[in-house]
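Colleague: Got a structure for you, written out below as structure tokens; questions coming shortly.
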Amino acid sequence: MSAEEHVEHEQHFHALVGEDGEVHCAEVLERVNVFIDHELADADSDTIREHLAACEPCLDQFDVAEAVKRLVRRCCVGEQAPDTLRLRVLQVVAETGEDPLRR
Ligand SMILES: [Zn+2]
């Protein structure tokens, strides 16, 4: 039997770091939106920041998520988004089923 600590967070997320000690991309991506909103615990933010620096696919997703956030903010003040950004948003919507413009 190992004497490993099992820390349970009161979140609806799964553990960011798996039992193998690896950071799981899926878990990082689940938190990306929260991360952008700066609502994550500091420890999680650090882990995600480190992971994004080392993991290109996740960094890509992070960029898209951030672009969506920015677009949503812009829409709120009535500015037009550039077409490339709009296309990326549509792509995200298609992939995640989320509609960032319906909030
Ligand atoms: Zn990753």
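Colleague: Quick one: in segment 51-66, of everything that is more than 9 Å from the ligand (Cβ to nearest atom) and surrounded by 12 or more Cβ atoms within 10 Å (Cβ to Cβ), which residue is nearest to Gly21 (Cα to Cα)?
Modeller: Phe62
Colleague: Within segment 30-51, how many residues turn out to be within 22 Å of Glu95 (Cβ to Cβ) and in contact with a strand residue (DSSP E or B) (Cβ under 7 Å, 6 or more places away or on another chain)?
Modeller: Number of matching residues: 1.
Colleague: Further question: So Ala15 ticks every box in (1) touching an Asp or Glu at 6+ places or on another chain (Cβ under 9 Å); (2) assigned to a helix (DSSP H, G or I) but one. Which box is left unticked?
Modeller: That leaves (2) as the condition not met.
Colleague: Could you check, for segment 6-17, whether at least one of its residues is within 13 Å of the ligand (Cβ to nearest atom), at pLDDT below 95, under 14 Å from the mean Cα position of the chain (by Cα) and farther than 22 Å from Arg70 by Cα?
Modeller: yes
Colleague: Considering only segment 21-35, how many residues are of a type in the set (A, V, I, L, M) and near the ligand (Cβ under 8 Å from one of its atoms)?
Modeller: Looking only at segment 21-35, we keep the residues that are of a type in the set (A, V, I, L, M), and these are 23, 26, 28-29, 32, 34.
Right, trim to near the ligand (Cβ under 8 Å from one of its atoms) and you get 23, 28-29.
Within segment 21-35, residues that are of a type in the set (A, V, I, L, M) and near the ligand (Cβ under 8 Å from one of its atoms) number 3.
The values are calculated or read from the model by the stated rules, or taken from the named source; none is laboratory data. The structure displayed is predicted, hence computed values, not measured ones. Note: ideal-geometry Cβ built from the backbone for every residue, glycine included; neighbour counts use all protein chains shown.
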